[in-house]
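Report on the structure given below.
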Amino acid sequence: MLTIKKYFILIIPVLIITGCHDRNSFTIDGSVQGKPQDVIFLNRVNVNTTLTIDSSKIKKNGDFRFKVKAEEPDFYQISYTPANFITLLAEPGEKIKLSFKNNILIDDYSVDGSPGSEQIQMLDSKLFRTKYLLDSLNKLYINISSNPGNEEKMTLLEQEYRRVMNEQRKFNISFILDNYRSLVSIKALYQKLDDNTYVLNLTRDLQYMKIVSDTLSRYYPSSKHTRALVRDFNNEMSQLYTRQLIAASDTLPETKLDPDLVDINGKRIKLSSLRGKYVLLTFWSADSQECIEENLQLKRLYNTYKNRGFEIYQINLDTDEQKWKNAVSFDELPWISTREDDPSNPYNARLYNIQTLPSNFLYDRDGNVIGTNLHGKNLDLKLDQLFN
């Protein structure tokens, strides 16, 4: 009995060490039928680029193997060439099995042992079928369009084309709602029907981008893919707000989008008087801690770019005038600090449809809005792009 106990005492640490080791890596065991090439590559996907991290010599029987250290789920490619590959979503601890029918890897393959990779295969397979069908409909449309009298058939083909596109869109939306806690949902967000057309291409589809970015920010906050998605979502929303503002301004007299307010020194200043500079128009309140914190960041940016043609025109929405003046003085805000003429009836805030504070609009030197609600790192990057 003592011997058995000693045996278990010795073996338990080994099992623990082995288990920990498995949780920090995953393996890929694959095979290629037919006449495989000599070498196959493993690439890590870095948002918009790929990096080859390993290669494996393919044995005579077509087998190959990879073992990869990993601390969190990530996207990878198994490839022969940059154009001949499949995508995996591998997680630490997985033992992935791949089987390729021929040297065109995506043509016909099976994957087991990796739920994320299996879902990617399903997404790619569905999209491939849709693109094939759309291509067939397009060719048929071109063939009959040259003959008069086929208008009815052409209309039916157009309707079928839209139906197939919409079916793919609904499939991706359903997939995202079922898998929004997984990085695989990012794949569904960014699939394309062609080089210029995303499957999710409607303005209202931004809601699914927000669902995924918010959720993955909680589950995978350190993932480079999550961070890139959040940046993309913020940029898309900024562009959307800009388009809405431009559309609104097209229906209003130009002077209505030109704040003309009294600054902290009692001088009335028009926004349009700053033409020739990049101007950040901001709305804020001294009651908002977020506004106060952003002002401190703005001071750094203002000091960096003020001598290069950058100005800040700030509109305060506090009903207490003294509180506004105290805040400007205490934080030593160096830019143009103004206040609504009647804070109880904030004309400019209504005109710019201000819903939250802080809010801002970035104008170019000609007075055109080129960015909306740029905060933190996004504002840093935008100004760096403009001036550097």
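The values are calculated or read from the model by the stated rules, or taken from the named source; none is laboratory data. Just so it is clear, the structure is predicted and the values come from calculations on it, not from any experiment. Don't worry about glycine lacking a Cβ; one is built from the backbone with ideal geometry, like all the others, and counts go over all protein chains shown.
Data for the structure
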item: Count - residues of region 272-282 that are in contact with an Asp or Glu (Cβ under 9 Å, 6 or more places away or on another chain) and outside any helix (DSSP H, G or I); result: 7
item: Residue within region 132-146 that is among the charged types (D, E, K, R) and not assigned by TED's automatic domain parsing to the domain that holds GLY34 present; result: yes
item: Breaking point among (1) under 20 Å from ALA188 (Cβ atoms); (2) crowded, with 17+ Cβ neighbours inside 10 Å; (3) not aliphatic (A, V, I, L, M), for GLU72; result: (2)
item: Check on ARG365, in contact with a strand residue (DSSP E or B) (Cβ under 7 Å, 6 or more places away or on another chain), closer than 23 Å to LYS382 by Cβ and surrounded by fewer than 16 Cβ atoms within 10 Å (Cβ to Cβ); result: yes
item: Some residue of region 187-195 being assigned to a loop (DSSP other than H, G, I, E, B) and surrounded by 15 or more Cβ atoms within 10 Å (Cβ to Cβ); result: yes
item: Within region 79-118, tally of residues that are of a type outside the set (Lys, Arg) and either in a strand (DSSP E or B) or in contact with a Lys or Arg (Cβ under 8 Å, 6 or more places away or on another chain) (or both); result: 24
item: Lone unmet requirement of (1) modelled with pLDDT of 90 or more; (2) out of contact with any strand residue (DSSP E or B) (no Cβ under 8 Å at 6 or more places or on another chain) for SER344; result: (1)
item: LYS60 vs. criteria of a type outside the set (S, T, N, Q), out of contact with any Phe, Trp or Tyr (no Cβ under 7 Å at 6 or more places or on another chain) and without any contact (Cβ under 8 Å) to a residue 12 or more places away in the chain; result: yes
item: Residue that is surrounded by the fewest Cβ atoms within 10 Å (Cβ to Cβ) [pool: residues in region 309-334 that are of a type in the set (Phe, Trp, Tyr) and in contact with a strand residue (DSSP E or B) (Cβ under 6 Å, 6 or more places away or on another chain)]; result: PHE310
item: Near pairs, Cβ below 6 angstrom, 6+ apart or cross-chain, from region 162-181 (assigned by TED's automatic domain parsing to the domain that holds LEU229 and in a loop (DSSP other than H, G, I, E, B)) to any residue that is surrounded by 13 or more Cβ atoms within 10 Å (Cβ to Cβ) and β-branched (Val, Ile, Thr); result: TYR180/ILE211; TYR180/VAL212; TYR180/THR215; ARG181/THR215
item: Of all residues making up region 334-352, the number that are touching a residue at least 40 places away in the same chain (Cβ under 8 Å) and of a type outside the set (Ser, Thr, Tyr); result: 7
item: Residue that is farthest from ARG169 (Cα to Cα), among those in region 196-235 that are in a helix (DSSP H, G or I), touching a residue at least 12 places away in the same chain (Cβ under 8 Å) and of a type in the set (S, T, N, Q); result: SER217
item: Options LEU127, LEU123, LEU133, LEU157: the member that is part of a helix (DSSP H, G or I), over 30 Å from SER79 (Cα atoms) and not basic (Lys, Arg); result: LEU157
item: Residue list for region 107-137, restricted to those being at pLDDT below 90 and over 24 Å from GLU94 (Cβ atoms); result: none
